[in-house]
Structures are given as C-alpha cells and as structure tokens.
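Structure first, then comments.
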Amino acid sequence: MKKIIFLDIDGVIATPECIEHGSWGLVPSKQKLLGEILKYTNANIVLSSSWRYNDLNKTKEYMDEKGFLYSDKIIGITIRAHMYINKDQKIHLSIPRGVEIKQWIDANIHSENGNNWNRKSLGSEYQYVILDDDTDMLYEQKDNFINTDSLKGLTLDDVGNAIRILNQNK
C-alpha cells in the first residue's frame, strides 16, 4: 500500500517555539515526531505548505536549506490554487487547501514501480493523511485529516492518529 502525508509546515513542525529571522522555524522535536510517522508507516510526503515552490527540486533544496530532515521523502507538491479577480490590483480568491490536495490526488493516483511513480487508478493500495493547522479541507477528507494546534504543532497524539490512519486497511 502506498502511503502519503500531505504536510503543512507552519503550525505542524514549525511553531512559535522556534523563531528564525522573525518567522516560525522548524522545531527539532516536531521533526522527530514526523520521523516517527515516517518510520512506522514508510510513507512519503507531499508538501501542501506555503513553504513549497512551483518546482519539486527547488522545494527540496529550500527545505534542505531550512534544515528539514526528510527532503528525500518528498515526492510531490500541491498546486497553489487561487484565482485572480483583478490581476492588475492583485485581488485574488483563495481556494481551500483541501481542493489543492484533491487536485494532487486526482492528477497523481500512483502505483510504485521501483523508484518511479506511475499513473494508476485509485484502489485499496493507497492511503493518505493530512497534517495541517488550517481547517479548509473537503468533507470527503475528514477521516484523513489531523488538525494540529498552530501554537503547539504536531503532538504525540497526532502521531498516533496519523500512524493509525496510514496503517489501516481499507
């Protein structure tokens, strides 16, 4: 079974506990908790965070520069979905993150073939969890969503729930 963590950074593994250059930084203890999920599920990561770039390789390089321990587990990034109402005035309509995640799932239903990921229909061999401090997910994602407290970030309870979700048999 293929397992994916849709990972937000701020409010999950970057919290006010660590401030770098006026912004939240990666908290080592939160990264270790993420590592526990990866260890017990053998999941990969799709970055759904504002920390992502439009290019996967640039995103991995950026995450390495920031001290992210699991860049090798990042296999994708979600789109930045927004629609401009008036491009001249840069007024745009935000699209919920759940829509960005659904678009990634719809476009990247995967089957692993060696180290390559190939398009395939979604089946019982695919499971995901969403780790995010925002709540703009879709109703259909509710059983796969773990809403972290943005000030505390990822907790041991969240880790247990994520492992349970990712390791459940459909």
Criterion first (farther than 22 Å from N167 by Cα and open to solvent by 30 Å² or more (accessible area, probe 1.4 Å)) does K66 satisfy it? yes
Odd one out for R80 among (1) in a helix (DSSP H, G or I); (2) open to solvent by 80 Å² or more (accessible area, probe 1.4 Å); (3) not hydrophobic (A, V, I, L, M, F, W, C): (1)
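Rundown of residues vs (1) touching a residue at least 40 places away in the same chain (Cβ under 8 Å); (2) assigned to a helix (DSSP H, G or I), yes/no style:
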site: I4; (1), (2): yes, no
site: V12; (1), (2): yes, no
site: C18; (1), (2): no, no
site: L33; (1), (2): yes, yes
site: E36; (1), (2): yes, yes
site: Y40; (1), (2): yes, yes
Hey, among the residues in the stretch 4-52 that are at pLDDT 95 or above and of a type in the set (K, R), which one's farthest from L151 (Cα to Cα)? K39
Would a scan of the stretch 103-110 turn up a residue that is in a loop (DSSP other than H, G, I, E, B), in contact with a Leu (Cβ under 7 Å, 6 or more places away or on another chain) and modelled with pLDDT under 70? yes
How many residues are closer than 23 Å to G160 by Cα and open to solvent by 10 Å² or more (accessible area, probe 1.4 Å) if we restrict to the stretch 42-63? 2
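The values are calculated or read from the model by the stated rules, or taken from the named source; none is laboratory data. These numbers were taken from a predicted model, which means no experiment stands behind them. Note: ideal-geometry Cβ built from the backbone for every residue, glycine included; neighbour counts use all protein chains shown. Each accessible area value is taken on the protein alone, full model and side chains, heavy atoms only, with ligands, DNA and RNA left out. Shrake-Rupley method; radii C 1.70, N 1.55, O 1.52, S 1.80 Å.
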